[in-house]
Structure formats: structure tokens, C-alpha cells
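One structure below.
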Amino acid sequence: MPNTLVVCPAGDVPSGTIRLAVLPDGRRLALYNVGGTFYATDDTCTHEQASLAEEGMLEGSLVACGWHFCTFDVTSGAACSAPCHEPLKTYPVSVVDGMVRLEY
């Protein structure tokens, strides 16, 4: 059975924004609000070691790395443009009683 982390109230992550979430083991995840639906991926770009939560730009369901501007689809983790080729790991997200929860 997966672990669950309550990250924050859903209202703390406005639509079109990214927020950093840190798991109890220290792993960093990026939490995205895409039109009211939440998604989570590993925070680190698979091309270089850039933080997507701190340096990424979200447009629709695509996050662009702030270092080399490659893009990932946050709904699936798929790499969508060069120089990134390896997908991001994704994590299930739910909103329960107004709180964003991650499964890991």
C-alpha cells in the first residue's frame, strides 16, 4: 500500500502554478495545478539537474525546464522536446476535503 503525504490546501496552488513538495525521505517533487487538476512529478529535470518547481515554467500541461527549455507533459511525465528524452516519474495526486495529497 502506498504512503500518502498531505501537501497543502488546494487553494495554496493556484491554477497554472508549480509548488515544491518534499517527501519524508527527502525526495523533491513538483506539484502542478493544471486548470484545477493536480499532478506531481519528480522535481529534477532528466536532462540536467534543474528544479522544475523552482525554475520551471508551466504552460497548459507542459512544464519547461528553466535551464534548456525542454518540455515535459506533467499529466504523463513524457519528454516532449529536446534536449530531454527521458520521462519524469509521476505520482498520483488527489484532493480530499480541500487538501492536496500525494501517493508515493
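The values are calculated or read from the model by the stated rules, or taken from the named source; none is laboratory data. None of the values given here were measured: they were computed from a predicted structure. Here the Cβ is made from the backbone with ideal geometry for all residues, glycine too, and neighbour counts use every protein chain on show. What goes into the accessible areas is simple: the full protein's heavy atoms, side chains included, and nothing from ligands, DNA or RNA. Shrake-Rupley method; radii C 1.70, N 1.55, O 1.52, S 1.80 Å.
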TODO: Determine the per residue accessible area of segment 1-102 with all protein chains present and a 1.4 angstrom probe, expressed in square angstrom.
DONE: 51 Å²
TODO: Pull up all non-local amide H partners of GLY16: gap of 5 or more, or a different chain, and H-to-H distance under 5 Å with H placed in the peptide plane.
DONE: ASN33, VAL34, GLY35, GLY36
- [ ] With a 10 Å radius around each residue's Cβ, average the other Cβ atoms per peptide and rank 60-73, 15-28, 84-97, highest first.
- [x] 60-73, 84-97, 15-28
Open item on the list: For a quick check: with amide H placed at 1.01 Å from N, whose amide H comes under 5 Å from THR44's, ignoring anything fewer than 5 positions away on the same chain?
Closed with: LEU52
Task: Candidate values (1) 109; (2) 87; (3) 221, label of the one derived for volume of the Cα convex hull per residue in Å³ - done: (2)
TODO: Would you calculate, for the chain, the mean residue ellipticity at 222 nm contributed by helices, counting each DSSP H stretch of 4 or more residues as -39,500 (n - 2.57) and dividing by all residues, to the nearest 500?
DONE: -500 deg cm²/dmol
Task: Sulfur and carbon atoms: percent of accessible area, segment 1-92 [1.4 Å] - done: 52 percent
Open item on the list: Probe radius 1.4 Å, ligands and nucleic acids left out: which of MET99, MET57 has the largest accessible area, and how do the rest follow?
Closed with: MET57, MET99
Task: Cα-projected label distance for THR37 with THR17, points at 7 Å along beta-carbon direction, nm - done: 2.1 nm
